[in-house]
Amino acid sequence: MDVRAAVAVGAGKPLEITTVQLEGPRAGEVLVEIKATGICHTDWFTLSGEDPEGLFPAILGHEGAGIVREVGAGVTSVKPGDHVIPLYTPECRQCPSCLSRKTNLCTAIRATQGQGVMPDGTSRFSIGGKKLHHYMGTSTFANYTVLPEIAVARVREDAPFDKICYIGCGVTTGIGAVINTAKVEPGATAIVFGLGGIGLNVIQGLRLVGADMIIGVDINNDKKAWGEKFGMTHFVNPAEIGGDLVPHLVNMTKRGADQIGGADYTFDCTGNTKVMRQALESCHRGWGESIVIGVAGAGQEISTRPFQLVTGRVWKGTAFGGARGRTDVPKIVDWYMDGKIQIDPMITHTMPLEDINKGFDLMHHGESVRGVVVF
Ligand code: NAD
Ligand code: 022
Ligand code: ZN
């Protein structure tokens, strides 16, 4: 069938909006009509050519929502008409990782997903007979896409696509990092580094679980008002404190008779390896945990003195907020529909597919928290 798509034709080139061909779903696959998709950093990172694993030509996009239109042989968990959110971290419930209950990193289709093809090793997308790569197993920058059954979460039908698409990446990553990865308890103190689309969701996750002190750190003062909207209690601009950031944060979080400072939990939402170190070192000695959410560029390394870990600080990372997509994503949609979490104010821009390149520009200039393409 003919579908409308934004095609990544090559590194550093703008997306080309054009008609491409999509084959129907094979066994274990579903055809989904994408109704809305968010624009996230990783799409840009790949398009820029900086991602050494990026493949071209490809249909990018990994933050979508839509409706199942057709299912392939053997598909039982969804049917035509079901509303779904595509999952770049699938959940097969059968691989050793899914069965371990210790990780959300399902391995069922991992190898082929990274190679930009479906689990049978072929692509459903083509243009003029030439193959196009899939991306992150999702390819949501098209009004129809084909996905493995294990890579869709069925969600309630009264939820608006142009908002819940953000649950496909940013919302779940931020809130999940708090609930699944850090397991933050009520009354905890926390520091969030970087108040973009991810950091703001960490903040609202912290508010949801009842954290006491929620410090936001950002080099952009415009982010103060944004953080406060979602539950931030204190704001620090590292450029304006007239000294080193880590001692400043440790001082702010001093509690108890011994007056030892440091947060119970810190979160890096910048992808900057220097910030990751600051986040670890501003944790409380003995028990503080620092969660790396930001994805750094290829080849980058993190460092700290071993003493930081020997004295009980813990360095952890998280992918997709540790969420098991088919199980957890429908619950997050419910939380949104019940008013427990907010999404609407974070969707600062919506646009038609034709303007998707402008959406990338808005993201770069820090003008948007989230831009969403509505098909
Ligand atoms: P964003 O660009 O919207 O936000 C980043 C924020 O960090 C901005 O507000 C910026 O001003 C601030 N910042 C930059 N340098 C800083 C510094 N030195 N100190 C303090 N603040 C600083 O990005 P985003 O969409 O929020 O994504 C954040 C990171 O999370 C990215 O690296 C992204 O790739 C990653 N991410 C990871 C996962 C995962 O599963 N682990 C999922 C989604 C996104
Ligand atoms: C989403 N991300 C950043 C912005 N939006 C993002 C990027 C990478 C990951 C998660 C979120 C990630 C963390 C760990 C992995 N990935 C590896 C998972 C594994 O090996 O099992 C990751 C994922 C998908 C892809 C690449 C890396 C891909 O499909 N190409 C989840
Ligand atoms: Zn993303």
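The values are calculated or read from the model by the stated rules, or taken from the named source; none is laboratory data. Just so we're clear, the structure is a prediction, and the values are computed from it rather than from any experiment. Here the Cβ positions follow ideal geometry from the backbone for every residue, glycine too, while neighbour counts run over all protein chains shown. We work out accessible area using only protein heavy atoms, side chains counted, and drop any ligands, DNA or RNA first. Shrake-Rupley method; radii C 1.70, N 1.55, O 1.52, S 1.80 Å.
Which of (1) within 21 Å of the chain's Cα centre (by Cα); (2) open to solvent by 20 Å² or more (accessible area, probe 1.4 Å); (3) within 16 Å of ligand 2 (Cβ to nearest atom) is the odd one out, the single condition L99 does not satisfy?
All conditions pass for L99, except number (1).
Do any strands (runs of 3 or more DSSP E) lying entirely in region 1-110 carry at least 1 residues that are farther than 25 Å from V333 by Cα and among the aliphatic types (A, V, I, L, M), and which ones are they?
The strands (runs of 3 or more DSSP E) meeting that bar are 2-8, 16-22.
Quick one: how many residues across region 329-345 are more than 15 Å from ligand 2 (Cβ to nearest atom) and in a helix (DSSP H, G or I)?
10
Among (1) within 16 Å of ligand 3 (Cβ to nearest atom); (2) assigned to a loop (DSSP other than H, G, I, E, B), where does C165 come up short?
(2)
To keep it simple, each residue is scored yes or no on (1) in contact with a strand residue (DSSP E or B) (Cβ under 7 Å, 6 or more places away or on another chain); (2) hydroxyl-bearing (S, T, Y).
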position	(1), (2)
E149	yes, no
R154	yes, no
D162	yes, no
G170	yes, no
T173	no, yes
K183	no, no
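Search region 307-322 for residues that are more than 15 Å from ligand 2 (Cβ to nearest atom) and pair each with any residue that is hydroxyl-bearing (S, T, Y) and open to solvent by less than 20 Å² (accessible area, probe 1.4 Å) when their beta-carbon atoms are under 8 Å apart and the residues are at least 6 apart or on different chains.
Between residues of region 307-322 that are more than 15 Å from ligand 2 (Cβ to nearest atom) and residues that are hydroxyl-bearing (S, T, Y) and open to solvent by less than 20 Å² (accessible area, probe 1.4 Å), the close pairs are R313/S290; V314/S290; W315/S290.
Being away from ligand 3 (no atom under 15 Å from the Cβ), part of a helix (DSSP H, G or I) and buried (at least 20 other Cβ atoms within 10 Å of the Cβ), is that true of even one residue in region 292-312?
No, there is no match, as no residue in region 292-312 is away from ligand 3 (no atom under 15 Å from the Cβ), part of a helix (DSSP H, G or I) and buried (at least 20 other Cβ atoms within 10 Å of the Cβ).
I'd like to verify a number: residues in region 260-295 that are farther than 21 Å from F235 by Cα and either away from ligand 2 (no atom under 16 Å from the Cβ) or at pLDDT below 95 (or both), how many?
Final tally of qualifying residues: 3.
Of all residues in region 175-188, which are surrounded by fewer than 24 Cβ atoms within 10 Å (Cβ to Cβ), over 19 Å from P330 (Cα atoms) and of a type outside the set (G, A, S)?
K183, E185, P186
Of all residues in region 359-375, count the ones that are within 17 Å of T140 (Cα to Cα) and either assigned to a strand (DSSP E or B) or open to solvent by 20 Å² or more (accessible area, probe 1.4 Å) (or both).
Residues flagged as within 17 Å of T140 (Cα to Cα) and either assigned to a strand (DSSP E or B) or open to solvent by 20 Å² or more (accessible area, probe 1.4 Å) (or both) within region 359-375 amount to 6.
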